[in-house]
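Heads up: the structure comes next, in structure tokens.
The values are calculated or read from the model by the stated rules, or taken from the named source; none is laboratory data. Here the structure is a predicted model, which is why all the values come from computation and not from measurement. In this analysis, Cβ positions are derived from the backbone assuming ideal geometry, glycine residues included, and neighbour counts consider all displayed protein chains. Side chains are part of the model used for accessible areas, which takes the heavy atoms of the whole protein and leaves out ligands, DNA and RNA. Shrake-Rupley method; radii C 1.70, N 1.55, O 1.52, S 1.80 Å.
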Number of protein chains: 2
Amino acid sequence: MTNLRETSNLIAGDKVSGTTVYNMAGETIGEIEDVMIDKPTGKVAYAVMSFGGFLGMGERHHPLPWSLLKYDTGKGGYVVNLSKTQLEGGPSYEEETEPRWGDRAYESKLHSYYGSDPYWVGPLL
Amino acid sequence: MTNLRETSNLIAGDKVSGTTVYNMAGETIGEIEDVMIDKPTGKVAYAVMSFGGFLGMGERHHPLPWSLLKYDTGKGGYVVNLSKTQLEGGPSYEEETEPRWGDRAYESKLHSYYGSDPYWVGPLL
């Protein structure tokens, strides 16, 4: 009963995948492919967002710090306060590849690009 | 490239699903169906484990506080320090139903049954 899979606070991991991501203007900018979970703390570190090719190139996967995503119950999707330019310039990778997950240098660059605190320091709020 | 989907710390949400769960004796006791994520904090609150029917009844889903699961890289699965009796007596539900996610009374009972701190108080460590 999928309608029960999500409450005010809890959402099933497989329901996060496929969720639409909107910008502040309410335009669809992509969808969540998956989440990356930090096992020691059980925190979601990243949501991996894919672009539907509106960038005029093949679909690419963009890892976004989870703290950037705000869930909009009305839209039934996540809203991120990022411009198309910010997203285009952000770290991304092709579908058949993977970034260096766990590489603190890579992940630090990712967090600093989006101006968010790394998930491994302090709480994700 | 699935072999890259998991690092020392990070694991993809869709890789958690289907992961085998072992008891302390190294016996397979079930597998992870999905995780329940607390949206405000981005913390994994529960891993939903299904039993392969070894209880002599239809497969049931058992939500386990994430903090109970320890990942064993050697086994490639999660280890929980729970007896068969504890698991049999624990809160569970049938495949086509869902518990009252977000109901603090239900979730408090769940956490207290397993003797773990609720995910909404303090960090998950």
Using alpha carbon positions and the Kirkwood radius, the Rg to Rh ratio of the range A:14-91 is 0.95
For a quick check of understanding: with a 1.4 angstrom probe and all protein chains in place, what accessible area in square angstrom does B:ASP117 have, to the nearest ten?
110 Å²
Using the 7 Å Cα-to-Cβ label point, sort the distances from B:TYR106 to its equivalents in the other copies shortest first and give them in nm to one decimal.
3.9
Taking the alpha-carbon centre of each part, the distance from the range B:85-125 to the range B:68-83 in Å is 18 Å
Between A:ASN81 and B:LYS84, what is the spin-label point distance in nm, taking each point 7 Å from the Cα along the Cα→C-beta axis?
5.5 nm
